[in-house]
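Asker: Input: one structure, supplied below.
The values are calculated or read from the model by the stated rules, or taken from the named source; none is laboratory data. The structure displayed is predicted, hence computed values, not measured ones. Heads up, the Cβs are rebuilt from the backbone with ideal geometry, glycines too, and the neighbour counts pull from every protein chain shown. Each accessible area value is taken on the protein alone, full model and side chains, heavy atoms only, with ligands, DNA and RNA left out. Shrake-Rupley method; radii C 1.70, N 1.55, O 1.52, S 1.80 Å.
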Amino acid sequence: MNNQGSLTAKVAIDSIESAVHTENHLRRAHAIGIAFDATFQPTGAAVPWTIAAHLQQTEVPAVVRFSHSSTSRNSNEQLNPVKGMAVRFQLFDGTFTNLTMANIPSFVSKTPDAFIRLLQAFDSNSTWSQRIDALIQDTEYKEFGSILKKLQPFRNFESLHYYSIHAYYLINKDLQRQAVRFEWQPLPQNDDGNSNSSKENELIHKVQLDQSIRFRLLIQLAEQGDIIDDPTIAWPDDREKIEAGILTLKSLRADNAESFIFDPTVTTQGIECSDDPILHFRSKAYAESAKRRGVRETR
Ligand code: HEM
């Protein structure tokens, strides 16, 4: 694994807790969300690249959690356009694999240390001009302003396009490896939302009505020379994308997936993590956050 720096998960979560308001029993990031049971029907198009069970021909159950990215209930989520979509594919042997994505094509920093420095600069006592200075002064964040500028104001979870940001490797039956990134592309739906209702209630209503909320799983294939382990660099738009399957939301989960840890390094045979240092740090940070909110998950 590449440079992990000196930052520990404990220090990272301590930094989040001292920079922004968090709540004991909630996730230390993406605290507020809404979860659904779903199904994933693979198309079979990914079979030449991977032996992963959920990317063959047979439908698998899945759990989906959409989340606002802030750390507590109190913040104004309409003003924060960064949202998350975490999916757990439940496999027939009782194991599972996760994809934990956000609606941005690349990340703000390539090291965990730089990300935590940024969080500290954005603490609740800082002014907007101090925050903008922090973003401008550190060259590592230079692309992020343009990503944020492209984000539209939040309309609803179900119309967003989500990205894995990190690369993974698909492994096929001949043990050939292909670097890829994953995306969820929303499929067109009836937009009969009642504007007096919350975004979450509108989504629940749509799912109950006709189960028309669907996302297509796209797999972007890297080409020779594409940088694999840097989450700040998206690959060129003309890279081939496979349509690997369709996710359909089925019903609201009564437990809201509160006890789930959507660790993005949990993969299955046929998928491997790249060496992206942010990806591997997320695993430790999510475990530390889960410990503090009283959740332990066994695989
Ligand atoms: C060093 C970088 C990062 C840190 C320290 C970090 C930290 C965290 C923490 C502590 C949680 C709560 C985990 C839990 O209690 O279960 C979380 C959740 C989440 N993060 Fe990150 N994160 C990082 C990068 C990313 C990136 C790059 C993405 C998008 C690709 C992302 C998307 C999400 C999502 C969607 C959730 C909610 C998952 C769920 O629904 O349970 N994070 N993050």
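Asker: Would any residue of the range 78-103 have its amide N under 17 Å from a label point 7 Å out along Cα→Cβ of T58? List them or say none.
Answerer: Inside the label zone: 89-97.
Asker: Shifting gears a bit: Positive end of the dipole of the chain, charges at C-beta (+1 Lys, Arg; -1 Asp, Glu), about the Cα centre: which of W235, G245, V64 has its Cα farthest in that direction?
Answerer: Working it through, the farthest residue towards the positive pole turns out to be V64.
Asker: Right, here's the next one. If you look at just the Cα atoms of the range 154-248, how large are its Rg and its Dmax in Å?
Answerer: Here Rg and the maximum Cα pair distance are 16.8, 54 Å.
Asker: If a/c stays under 1.5 just call it rounded; otherwise compare a/b with b/c (prolate if a/b is bigger, oblate if not). Do that for the range 255-299, with a ≥ b ≥ c from the square roots of the Cα gyration tensor eigenvalues.
Answerer: Here the range 255-299 falls in the oblate category.
Asker: Please give the charge dipole size of the range 100-244, origin at the Cα centre, charges +1 on K and R Cβ atoms and -1 on D and E Cβ atoms. Round to the nearest 20 debye.
Answerer: For the range 100-244, the charge dipole is close to 120 debye.
Asker: Hey, what does the equivalent ellipsoid look like for the chain, semi-axes from the Cα gyration tensor as sqrt of 5 times each eigenvalue, largest first, whole Å? The partial results should precede the final answer.
Answerer: Values: eigenvalues 156, 119, 74 Å².
So the three semi-axes of the chain are 28, 24, 19 Å.
Asker: While we're looking at this one, here's another question. What part of the accessible area of the range 9-292, given as a whole %, is carbon or sulfur when the probe is 1.4 angstrom? Let's see the in-between values first.
Answerer: Values: 6710 of 13090 Å².
Exposed carbon and sulfur together represent 51 percent of the surface.
Asker: Further question on the same structure: How many times 2.2 N^0.38 Å is the alpha carbon radius of gyration of the range 105-191?
Answerer: Against the compact-globule rule of thumb, the ratio is 1.45.
Asker: Shifting gears a bit: Please compare each pair in K150/K250; K149/K284; K110/K284 to a cut-off of 20 Å on the Cα-Cα distance and tell me which ones are over it.
Answerer: K150/K250; K149/K284
Asker: Right, another one. If I build a Gaussian network model for the chain, linking alpha-carbon pairs within less than 10 angstrom, which residue out of S70, S274, S18 has the largest mean-square fluctuation?
Answerer: Result: S18 has the largest fluctuation of those listed.
Asker: Considering only C-alpha atoms, what is the centroid distance from the range 142-189 to the range 13-59, in Å?
Answerer: Centre-to-centre (Cα) distance: 13 Å.
Asker: Please give the calculated 222 nm ellipticity per residue for the chain, where each DSSP H segment of at least 4 residues contributes -39500 (n - 2.57) and the sum is spread over every residue; nearest 500 deg cm²/dmol? Don't jump to the answer; show the numbers that get you there.
Answerer: On the way: 6 runs with 66 residues, N = 299.
So the helix-based figure for the chain works out to -6500 deg cm²/dmol.
Asker: Among T50, L79, T39, which residue has its Cα positioned farthest towards the positive end of the charge dipole of the range 20-117, with +1 placed on the Cβ of Lys and Arg, -1 on the Cβ of Asp and Glu, and the dipole taken about the Cα centre?
Answerer: So the residue we want is L79.
Asker: What does the convex hull of the Cα atoms come to per residue for the range 1-141, in Å³?
Answerer: 168
Asker: So how strong a dipole does the chain carry about its Cα centre when Lys and Arg Cβ are +1 and Asp and Glu Cβ are -1, to the nearest 20 debye?
Answerer: 560
Asker: Check the straight Cα-Cα distances from K291 and name the lysines below 17 Å, setting aside those fewer than 8 residues away within the same chain.
Answerer: Reachable lysines: K10.
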